[in-house]
Amino acid sequence: MKEDIAGFLYKRTEHLLEQLGLSQHTTESYGTVITSGIAIILAFAVAEISYRIILFVVQRIVRHKEYAFLSRTLKGNRLRKLVYILPPIIMNGLLPFMADNKSLLYGYATHVIWLWFVVAVVMAVNAMLAAVGESAFTNSRYHDRPIKGFIQISRVIVYIIAVIVIISILTDKSPFYLIGGLGAFAAVLMLIAKDSIMGFVGGFLLLENDMIRLGDWIELPGTGINGNVFDISLTIVKVRNWDNTIATIPPYTLINDSFINWRGMSESGGRRIARGYTMKLDSIKPCNDAMLRRLGKLDTELGTYIAKKTEQLLQGNASNTANPEGLANGTVDTNAGLFRAYADIYLHRHPMIRKDMLIMVRTLEPVETGLPIQFYCFTADTDWSNYESIQAEIMEHFASVMPLFELYPYQSAGARDAVISGLLEGQYPLERIDGLPYRTIK
């Protein structure tokens, strides 16, 4: 079929030139040139017709059902770049019938057509990779994945292969021959572009091991970098810090140094609270009946807890470590234990605390300032602003009710405390002292 088309074009062109009165030698020279021009036009015409047909089909498909990838191929003449691989293929098939395969013209034309084909393939592959990247980014399953990095890796591979093929075409050497000589070139390249290569390798490792994704909140201790990742490439990672400043990090920094990724917290749906106060040791004391009756009226659930615990104590089977009835974590032996029970009850019924995650109120190892008590739980809202509001509410509430249990957190004495202490030692009237420490004197 190709022979018939090429032969027909050549004979019709030669006949036309003879009708114009040109000599046979001139006719053969001009015939080759004109036939080549007609073949090029024909090749582009076939490509354009193919483009119109494919465009029509894709538009009809997208009109009836939305396919992200097909929709993205309609942007930026990407389909046209794809079908324009056809002209060099057609020209390569017609070339043997337009020129002698032993002529110098044939050799040059072959090189040009193959270079044209390689460039067309690179443009088509880049267009399709761009469509794949955009469609993946809009997909809810992949929108947080560093697709940009994978696209860049693919493009780098395509460019490397294209460069090797182009050099092999220009030098008439096998591509495998060139690959064999890349060892010495790679050693020189490592010295010249060490940072770029390390960035490339680091970026690839980050993507391959899924260490970070778009939208992840990361923190690099000691660097001041603490914020959301909004751009990932093979050579750089961009982070918008909590104060809206933007930090740029080479990928190999994340590989070489440790960093914190808060993605697990976000995916779990719970953000941890692990804060507390240090209770003054001299404020911890045994509970008496009057204290139990007074605090039982403070909260209904606490009153029920006190009643059950008191009943267990009377029956001689109370256990402060095992609670088969699901009683709160605490005791009725001391005001500190009773406060732990109250805090446990409060956290379990708080609407913004996850009940399916660990809730614990515990005392830590005593320190020189007193006995630390820690409130450990997880909020149901991981948004930073909402999390801080929930945490502040809980800590403020516990600070306000601790004196009701006759417990007092440690606080370093300030200038005002020294002034008030001096006034009290000087027998200054208590009613005239503003800001007297809570229940300092009964």
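Some points to look at:
- Considering residues of segment 329-343 that are part of a helix (DSSP H, G or I) and not aliphatic (A, V, I, L, M) only, the residue surrounded by the fewest Cβ atoms within 10 Å (Cβ to Cβ): Gly337
- Complete set of residues in segment 330-356 that are in contact (Cβ under 8 Å) with a residue 60 or more places away in the chain and of a type in the set (D, E, K, R): Arg354
- Considering segment 403-424, and only residues there that are hydroxyl-bearing (Ser, Thr, Tyr) and not in a helix (DSSP H, G or I), the residue that is surrounded by the most Cβ atoms within 10 Å (Cβ to Cβ) turns out to be Tyr408.
- One residue alone among Met395, Met402, Met352 is touching a Gly at 6+ places or on another chain (Cβ under 9 Å) and among the aliphatic types (A, V, I, L, M), and that residue is Met395.
- Restricted to helices (runs of 4 or more DSSP H) entirely inside segment 75-142, those with at least 1 residues that are under 29 Å from the mean Cα position of the chain (by Cα) and modelled with pLDDT under 75 are 104-138.
- When Leu170, Leu189 are checked against the criterion of being out of contact with any strand residue (DSSP E or B) (no Cβ under 9 Å at 6 or more places or on another chain) and modelled with pLDDT under 75, a single residue qualifies: Leu189.
- Selected residue [within 30 Å of Asp243 (Cβ to Cβ), touching a strand residue (DSSP E or B) at 6+ places or on another chain (Cβ under 8 Å) and hydroxyl-bearing (Ser, Thr, Tyr)] from Thr369, Thr379: Thr379
- Residues within segment 364-374 that are over 14 Å from Phe398 (Cβ atoms) and of a type in the set (Val, Ile, Thr), tallied: 2
- Contact annotation: residue pairs with Cβ atoms under 6 Å, 6 or more positions apart or on different chains, pairing a residue in segment 142-161 that is closer than 27 Å to Arg263 by Cβ and acidic (Asp, Glu) with a partner that is at pLDDT 75 or above and loosely packed, with under 15 Cβ neighbours inside 10 Å, are Asp144/Gly215.
- Where a residue in segment 238-257 is free of Cβ contacts under 8 Å to residues at least 24 places away in the same chain and its partner, wherever it lies, is surrounded by 12 or more Cβ atoms within 10 Å (Cβ to Cβ) and not in a strand (DSSP E or B), with Cβ under 6 Å and at least six apart: Thr248/Ile236
- Considering the conditions (1) assigned to a helix (DSSP H, G or I); (2) surrounded by fewer than 18 Cβ atoms within 10 Å (Cβ to Cβ); (3) assigned by TED's automatic domain parsing to the domain that holds Ala341, Ile390 is excluded by exactly one of them, (2).
- For first residues located in segment 357-373 and within 19 Å of Asn335 (Cα to Cα) and in contact (Cβ under 8 Å) with a residue 60 or more places away in the chain, partners that are small (Gly, Ala, Ser) and surrounded by 15 or more Cβ atoms within 10 Å (Cβ to Cβ) and lie 6+ apart or on another chain with Cβ distances below 7 Å form the pairs Pro372/Gly276; Ile373/Gly276.
- In segment 330-341 there is at least one residue matching the filter, namely being charged (D, E, K, R), assigned by TED's automatic domain parsing to the domain that holds Met395, modelled with pLDDT under 90 and farther than 22 Å from Ile273 by Cα.
- Of residues in segment 238-250 being of a type in the set (A, V, I, L, M) and under 23 Å from Asp383 (Cα atoms), the one surrounded by the fewest Cβ atoms within 10 Å (Cβ to Cβ): Ile246
- Subset tally (residues that are among the hydrophobic types (A, V, I, L, M, F, W, C), in a helix (DSSP H, G or I) and within 37 Å of the chain's Cα centre (by Cα)) for segment 344-366: 1
- Once segment 268-310 is narrowed to residues that are without any contact (Cβ under 8 Å) to a residue 12 or more places away in the chain and of a type in the set (A, V, I, L, M, F, W, C), the residue that is farthest from Leu371 (Cα to Cα) is Ala307.
- Any hit, segment 395-402, residues being more than 25 Å from Gly296 (Cβ to Cβ) and either at pLDDT 80 or above or in contact with a strand residue (DSSP E or B) (Cβ under 7 Å, 6 or more places away or on another chain) (or both): no
- Considering Ala47, Ala68, the condition of being surrounded by 15 or more Cβ atoms within 10 Å (Cβ to Cβ), within 15 Å of Ile89 (Cα to Cα), assigned by TED's automatic domain parsing to the domain that holds Ala124 and touching a residue at least 24 places away in the same chain (Cβ under 8 Å) is satisfied by Ala47 alone.
The values are calculated or read from the model by the stated rules, or taken from the named source; none is laboratory data. Nothing here was measured: the structure is a model prediction, and the numbers come from that model. Glycine gets a Cβ as well: all are built from the backbone with ideal geometry, and neighbour counts include every protein chain shown.
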